[in-house]
Amino acid sequence: MGVERICCIGAGYVGGPTCSVIAHKCPEVTVTVVDLSQSRIDAWNSPDFKLPIYEPSLKDVVMQCRGKNLFFSTDIDKGIREADLIFISVNTPTKTFGLGKGRAADLKYIEAAARRIANVAGGDKIVVEKSTVPVRAAESIQRILSANTKPGSNFQVLSNPEFLAEGSAVSDLLKPDRVLIGGEDSRYGHKAQDDLAWVYQHWVPKDKIIKTNTWSSELSKLAANAFLAQRISSINAMSAVCEATGADVAEVAHAIGTDSRIGNKFLQASLGFGGSCFQKDVLNLVYLCEALNLPEVAAYWQQVIDMNDFQRRRFANKIIGCLFNTVTDKKIAILGFAFKKDTGDTRESSAIYIAKYLMEEGARIQIYDPQVEHQQMISELSDPNISENPDRVKKLVSIFDDPYEALKGTHAFVICTEWDEFKDYDYQRIYSSMLKPAFAFDGRRLLNHNKLMEMGFHVETVGKKTVMNGMFPIAS
Ligand code: UDX
Ligand code: UDX
């Protein structure tokens, strides 16, 4: 029983942290993470541990194992050849063209990885889908492998979706709610499941390791993300009702969250969920339901995405409305560009959409984020889906290293990410440096609104009507 050498194809947000923790917890197993991208691998190998992704505690884990039983390399073939178990952890973006455009997951990287494994592998291998995939993708991988298998080789395909959230990847990996391993219902399938379970059992209690058939495992990952996204869309839908009635969404969330059947997590109203998974996976589920001729089910889940789009649009409209229905040439600061705190990841971040809507109105955007690289923000905003003309981004967007500089001379600031440091800023100083009336739009309900109002800010947030004496607070 057991696995001696693991290879992981894809050194991204999932593959990198997952394999670092496996190496840390299984010192007798050699773990090699391979990737096509030389710059990513160089960053994982950088002498000063300037890793390509920011995750709390990740650096410590990598420092303990790198060069001992944890290796990062671009030699994909060697990694595959030497391993007994191979994780496929490449990205599965939403298709941008062709059949299923805008909804279906693009599996070209998964297929390329499967073909490469078939071409170079000899002997028995366990191939594990770590990437989130549409249901029955394991079947495609198995067929590609079987059709190209060299004599003497044998493959077992498992589904082992990853449930970590960015920003808490290491603690989620160290203390998972469960580990899910789907496999073929056969003697060889069960043996492969047991081998992978052996790896996790180094630190995960046995009763938290769930073994299912392959399709249940694949669908469970989509279902988990769809349920989580649905909760956010549900509370965001309530936030609109709160703003229109005078109820406070935080009070409503607390009141309903104390019901143990509902639970209190994931009820934080916001300017919409972002991240690489929720939108992609819900769209993937919608596409699957349509393909299965279940249009009512597809429409049900599509509404989760529609509500998220509505929430972003609604918040941007509120900003424009408050700024006297015109933001053309007005400077507006965006605080936070990452899709959540404690990560430098910007994929599908709501900040991108708020900036897009404001740019469409000709606003000048001044952005500060403590972790996101400047070039990353420009590249997100220059995407053809966000801005038709990259020159317009150059003209309208400025990026700052100092938050106080980003806020100087602005009409308004917008909190898009819930970074802790935003709570500790000197808002009196900020108020003095802004144009009046000075507006604070808190898309994360992060700041002390009463204090801001006392200073003179006009404050708007999500899920709560702004109550003020008179039209605007008295300027200090
Ligand atoms: C994740 C998950 O793996 C997936 O389940 C989820 O649905 C979306 O994203 P993530 O780790 O966040 O992937 O993606 P990313 O950070 O883009 O990493 C993927 C890596 O795979 C990249 O470093 C890329 O260079 C590499 N890659 C991609 C290869 O090595 N080979 C390929 O053929 C394609
Ligand atoms: C998510 C899932 O949580 C994880 O299990 C899965 O493996 C990948 O997708 P991630 O996208 O990294 O993880 O972060 P998550 O914490 O789920 O946040 C996603 C988005 O929802 C963020 O933009 C976050 O700010 C937002 N969110 C989350 C809310 O708006 N309100 C909430 O109550 C919770």
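The values are calculated or read from the model by the stated rules, or taken from the named source; none is laboratory data. Because the structure is predicted, anything quoted here is derived from the model rather than measured. Quick reminder, even Gly has a Cβ in these numbers, built from the backbone with ideal geometry, and neighbours come from all protein chains shown.
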* Which residue, of Leu407, Leu447, is surrounded by fewer than 22 Cβ atoms within 10 Å (Cβ to Cβ), of a type in the set (A, V, I, L, M, F, W, C) and modelled with pLDDT of 95 or more? -> Leu447
* Looking at (1) crowded, with 21+ Cβ neighbours inside 10 Å; (2) in contact (Cβ under 8 Å) with a residue 40 or more places away in the chain, can you tell me which one Ala253 breaks? -> (2)
* Quick check, is Gly98 in contact (Cβ under 8 Å) with a residue 12 or more places away in the chain, surrounded by fewer than 15 Cβ atoms within 10 Å (Cβ to Cβ) and of a type outside the set (Phe, Trp, Tyr)? -> no
* Complete set of residues in region 347-358 that are in contact (Cβ under 8 Å) with a residue 60 or more places away in the chain and either part of a loop (DSSP other than H, G, I, E, B) or more than 12 Å from ligand 2 (Cβ to nearest atom) (or both) -> Arg347, Glu348, Ser349, Ile354
* **Qualifying residue in region 156-170 (condition: surrounded by 23 or more Cβ atoms within 10 Å (Cβ to Cβ) and either farther than 28 Å from Phe278 by Cβ or in contact with a Pro (Cβ under 7 Å, 6 or more places away or on another chain) (or both))** => yes
* How many residues are in a helix (DSSP H, G or I) and of a type in the set (Ser, Thr, Tyr) when one looks only at region 149-192? -> 2
* Restricting attention to region 238-252, does a residue exist that is closer than 20 Å to Gln302 by Cβ and either more than 23 Å from the chain's Cα centre (by Cα) or away from ligand 2 (no atom under 11 Å from the Cβ) (or both)? -> yes
* **Qualifying residue in region 137-153 (condition: exposed (fewer than 15 other Cβ atoms within 10 Å of the Cβ), closer than 28 Å to Ala298 by Cβ and among the charged types (D, E, K, R))** => yes
* Which one is nearest to ligand 1 (Cβ to nearest atom), of the residues in region 25-58 that are surrounded by fewer than 22 Cβ atoms within 10 Å (Cβ to Cβ) and part of a helix (DSSP H, G or I)? -> Arg40
* Among Ile352, Ile378, which is out of contact with any Cys (no Cβ under 8 Å at 6 or more places or on another chain), surrounded by fewer than 20 Cβ atoms within 10 Å (Cβ to Cβ) and β-branched (Val, Ile, Thr)? -> Ile378
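Here's the yes/no breakdown for (1) over 28 Å from the mean Cα position of the chain (by Cα); (2) of a type in the set (A, V, I, L, M, F, W, C); (3) under 23 Å from Tyr357 (Cβ atoms):
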position: Glu388; (1), (2), (3): no, no, yes
position: Lys395; (1), (2), (3): yes, no, yes
position: Leu407; (1), (2), (3): no, yes, yes
position: Trp419; (1), (2), (3): no, yes, yes
position: Gln428; (1), (2), (3): yes, no, no
position: Ser433; (1), (2), (3): yes, no, no
position: Ala438; (1), (2), (3): yes, yes, yes
position: Phe441; (1), (2), (3): no, yes, yes
position: Asn448; (1), (2), (3): no, no, no
* Single condition Val241 does not satisfy, out of (1) surrounded by fewer than 14 Cβ atoms within 10 Å (Cβ to Cβ); (2) within 16 Å of ligand 1 (Cβ to nearest atom) -> (2)
* Structure fact -> Going through (1) in a loop (DSSP other than H, G, I, E, B); (2) more than 30 Å from Ala338 (Cβ to Cβ) one by one, Val127 fails only at (1)
* Could you figure out which of (1) touching a Gly at 6+ places or on another chain (Cβ under 9 Å); (2) among the β-branched types (Val, Ile, Thr); (3) in a loop (DSSP other than H, G, I, E, B); (4) away from ligand 2 (no atom under 16 Å from the Cβ) isn't true of Val3? => (1)
